[in-house]
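A.B. asks: I'd like to ask you about the structure that follows.
The values are calculated or read from the model by the stated rules, or taken from the named source; none is laboratory data. Please read these numbers as outputs of a predicted model, since none were measured by experiment. No Cβ is skipped: glycine too gets one built from the backbone with ideal geometry, and neighbour counts run over all protein chains shown.
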Amino acid sequence: MNAREVVIVPKTETSLLQEQPQGLQDPFLVKLQARIRGFLSRRRLHVSVCHPEFDELYGSLLSHAQLPLIREFLHMLEVSDHDFSEDQELQRLKAEVVAAIRHNHSLEKDVDAMDVKIGLLIRNCITLEQVMQHTGKKAKVDARRYQTSWLKTTKSLTSLSKESRQKLAAYQNLFYMLQTNPTYLAKLIFAMPPNRSNKFVESVIYSIFNYGSTPREECLLLKLFQSALEEEVGLKVRSPTEILTGYPTALKMAVEFYRTARGQSCLNVKSVIDNQELSIDLSPVDIYKQWINETESSTGTPSGMPYDVSPEEAILHPEVQKRLTESVIQLEEITSDF
């Protein structure tokens with residue numbers, strides 16, 4: 001017995017019993033109706049007394065559905081044709097986004113090259129006009145003055161000179177090397193005095209890694225902490241107890257940085273990473289290619305099916321639809337743990 005039977009069914013039966021024609025006044029029918037009404041009333045009273053939570057659950061279900069309640073019935077959802085059509089539309093939009101991103105990158109390169117050419121053209125035109133307008137000693141003074149002002153502008157990394165652009169590219173390569181190769185900063189952290197380590201980390205290292213604001217920079221910052229800790233343990237720590245008593249600088253940095261919600265969220269995916277049998281793939285093309293490879297490996301003969309297909313063509317195969325449905329179900333089960 002559930003809340004739906006208690007609240008809805010009895011009321012329906014009672015209303016049907018009350019809608020009898022007025023001409024039916026047989027004593028037997030009147031007695032039967034009285035017994036049925038009494039039975040239904042006693043059953044509602046029994047459920048209300050013994051299971052009061054039914055009314056509360058049913059009322060909450062009608063007013064607002066909570067996430068734990070929806071999660072209980074999530075397994076009843078099945079992938080329908082509408083879901084497949086939406087997945088096809090999603091794959092098409094992804095392809096359009098990728099093409100648009102590549103086109104934008106190409107346009108950005110063209111715009112940068114055009115800015116440099118326009119700046120060089122304006123600078124050369126001004127120089128030529130100044131030389132043509134002035135002669136003799138005045139021309140030499142103006143030319144020297146312009147050269148001095150031009151040298152001052154070349155000190156800026158955003159200027160149009162070749163030296164400034166080379167310097168800007170060198171700085172970019174330097175910061176990329178410091179981010180991707182943590183050996184340099186790890187040795188520097190170990191060499192810094194303890195009273196200056198915190199200030200150094202806040203002003204330099206966190207700025208280089210942009211305070212771990214993106215997954216890439218956060219991963220690189222974590223690798224830096226790992227390398228710094230290995231450097232300090234290898235050169236300074238002689239026994240495991242010294243790690244607790246000495247409290248290395250790299251360990252202190254890692255604890256302070258990952259004490260926030262950022263660090264807690266990293267631990268939630270450990271069970272997913274440790275699951276070696278988990279295989280979730282939502283790309284119809286990848287599922288199709290994997291299916292073809294498995295079929296050819298098991299039979300030892302070519303399947304005769306095209307290998308390069310579009311997402312719309314791949315999802316038409318029943319096996320691809322089956323595997324995609326299984327991946328969606330696994331993904332729903334995993335995400336319910338977070």
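A.B. asks: Which residues, taken from segment 304-322, are part of a loop (DSSP other than H, G, I, E, B) and surrounded by 13 or more Cβ atoms within 10 Å (Cβ to Cβ)?
C.D. replies: Within segment 304-322, Val309, Ser310, Ile315, Leu316, His317 meet the criteria.
A.B. asks: Considering only helices (runs of 4 or more DSSP H) fully contained in segment 136-217, which possess at least 2 residues that are at pLDDT 55 or above and surrounded by 13 or more Cβ atoms within 10 Å (Cβ to Cβ)?
C.D. replies: 162-180, 183-191, 194-200
A.B. asks: Shifting gears a bit: Regarding segment 299-310, can at least one residue be identified that is out of contact with any helix residue (DSSP H, G or I) (no Cβ under 7 Å at 6 or more places or on another chain) and in contact (Cβ under 8 Å) with a residue 24 or more places away in the chain?
C.D. replies: For segment 299-310, residues out of contact with any helix residue (DSSP H, G or I) (no Cβ under 7 Å at 6 or more places or on another chain) and in contact (Cβ under 8 Å) with a residue 24 or more places away in the chain: present.
A.B. asks: Which of the residues belonging to segment 204-241 are within 11 Å of Ala186 (Cα to Cα) and among the hydroxyl-bearing types (Ser, Thr, Tyr)?
C.D. replies: If the condition is that a residue be within 11 Å of Ala186 (Cα to Cα) and among the hydroxyl-bearing types (Ser, Thr, Tyr), then Ser227 is the only one that fits.
A.B. asks: Tell me whether segment 277-294 contains one or more residues that are at pLDDT below 85 and not in a loop (DSSP other than H, G, I, E, B).
C.D. replies: no
A.B. asks: While we're looking at this one, here's another question. Name the residue, out of Leu121, Leu93, that is closer than 28 Å to Ser164 by Cα and either surrounded by 10 or more Cβ atoms within 10 Å (Cβ to Cβ) or at pLDDT 85 or above (or both).
C.D. replies: Leu121
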